[in-house]
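Participant: Mind looking over this structure? Questions follow.
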Amino acid sequence: MAPAKLPTASTLPPPPAQQEGFGRYGATGISGGSALAHRLDERAANRGLSPVSHPRGLAVRLRYLARDEQGLAWLRLAQVTVTERTIARWRTGQERPLPTNLKKIDQAFWACRRHNLVGYYKQRLWNDGRGTRIEIHPVDQQHVAPNRRRDLRIRTINVRTDWRRVVDAWNSGDQKALDDAWDSIADSLGSDHGTYHHVSHLGFGI
């Protein structure tokens, strides 16, 4: 499998966004494309990554990026221009980055982490042609008036052919491409596909 193409500094994707969407009549959820990205990021973070503003979160990111020249190259792509000695002081807690550099470190970490996982994710989710099963949780209707609530249920679907485009869009931070990929997946739900354009959560193993 060919390695993912490295971005340029001007196209370095952003770190994960904390997005919340609000549907008509008060239902809450996010687009299916955002939910796909959230699940992939959740797995990439190993479910326990502290924010970059936290000393532990900063140390984890810098340890990951400063372990080799490729990781340091991602910091340069994010326009972190300090010396390696300064980076070493950041890692040991002797000095703290400015807020602008914290944002750049977070961006570099996520761009590097995604790039390193692209091939693995595609292989795992393709699963030798068997695909991966997604559990689709509908939007949360707890704040919707009872007379406006719809009868929504958790749906499951096995996805085989769309994972390459999903992972590529996730890697590049292309939200439109993620939403388009989700729309293609949701079409398999038949007449219910529009109901699951926004969801509260997508569950699938990686």
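Participant: May I ask you to list the residues in the stretch 17-56 that are open to solvent by 40 Å² or more (accessible area, probe 1.4 Å), closer than 21 Å to I136 by Cα and modelled with pLDDT of 75 or more?
Facilitator: Correct list: H38, E42, R43.
Condition check ((1) farther than 21 Å from R43 by Cβ; (2) modelled with pLDDT of 95 or more; (3) small (G, A, S)) across all residues:
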| site | (1), (2), (3) |
| --- | --- |
| V166 | no, yes, no |
| S172 | no, no, yes |
| K176 | yes, yes, no |
| D179 | no, yes, no |
| G190 | yes, no, yes |
| H193 | yes, no, no |
| H197 | yes, no, no |
| S200 | no, no, yes |
| G203 | no, yes, yes |
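Participant: Can I ask one more? Which one of these is over 23 Å from E69 (Cβ atoms) and under 12 Å from the mean Cα position of the chain (by Cα): W163, W170?
Facilitator: Among W163, W170, only W170 is over 23 Å from E69 (Cβ atoms) and under 12 Å from the mean Cα position of the chain (by Cα).
Participant: Taking the stretch 124-162, which residues are open to solvent by 100 Å² or more (accessible area, probe 1.4 Å), modelled with pLDDT of 90 or more, among the charged types (D, E, K, R) and not in a loop (DSSP other than H, G, I, E, B)?
Facilitator: The answer is R124, D128, R133.
Participant: On to the next question. Between D168, D106, D162, D140, which is among the acidic types (D, E) and more than 27 Å from T28 (Cβ to Cβ)?
Facilitator: On inspection, the qualifying residue turns out to be D168.
Participant: Any residue that is free of Cβ contacts under 8 Å to residues at least 24 places away in the same chain, hydroxyl-bearing (S, T, Y) and over 27 Å from V199 (Cβ atoms) - is there at least one of those in the stretch 59-81?
Facilitator: Yes.
Participant: In the stretch 64-73, how many residues are buried (at least 19 other Cβ atoms within 10 Å of the Cβ) and outside any helix (DSSP H, G or I)?
Facilitator: 0
Participant: Would you pick out the residues in the stretch 173-198 that are in contact (Cβ under 8 Å) with a residue 12 or more places away in the chain, of a type in the set (G, A, S) and open to solvent by 60 Å² or more (accessible area, probe 1.4 Å)?
Facilitator: Answer for the stretch 173-198, where residues must be in contact (Cβ under 8 Å) with a residue 12 or more places away in the chain, of a type in the set (G, A, S) and open to solvent by 60 Å² or more (accessible area, probe 1.4 Å): just S188.
Participant: Name the single residue, out of those in the stretch 74-104 being of a type in the set (A, V, I, L, M) and within 21 Å of the chain's Cα centre (by Cα), that is surrounded by the fewest Cβ atoms within 10 Å (Cβ to Cβ).
Facilitator: Per the stated criteria, the residue is L102.
Participant: Take V139 and tell me if it is in contact with a Gly (Cβ under 6 Å, 6 or more places away or on another chain) and under 30 Å from G203 (Cα atoms).
Facilitator: Working: in contact with a Gly (Cβ under 6 Å, 6 or more places away or on another chain): yes; under 30 Å from G203 (Cα atoms): yes.
Yes, satisfied.
The values are calculated or read from the model by the stated rules, or taken from the named source; none is laboratory data. Every value quoted in this text rests on a predicted model; they were computed, and no experiment measured them. Please note: Cβ atoms are built from the backbone with ideal geometry, for glycine as well, and neighbour counts cover all protein chains shown. These area figures cover heavy atoms from the full protein model, side chains too; ligands, DNA and RNA do not enter into them. Shrake-Rupley method; radii C 1.70, N 1.55, O 1.52, S 1.80 Å.
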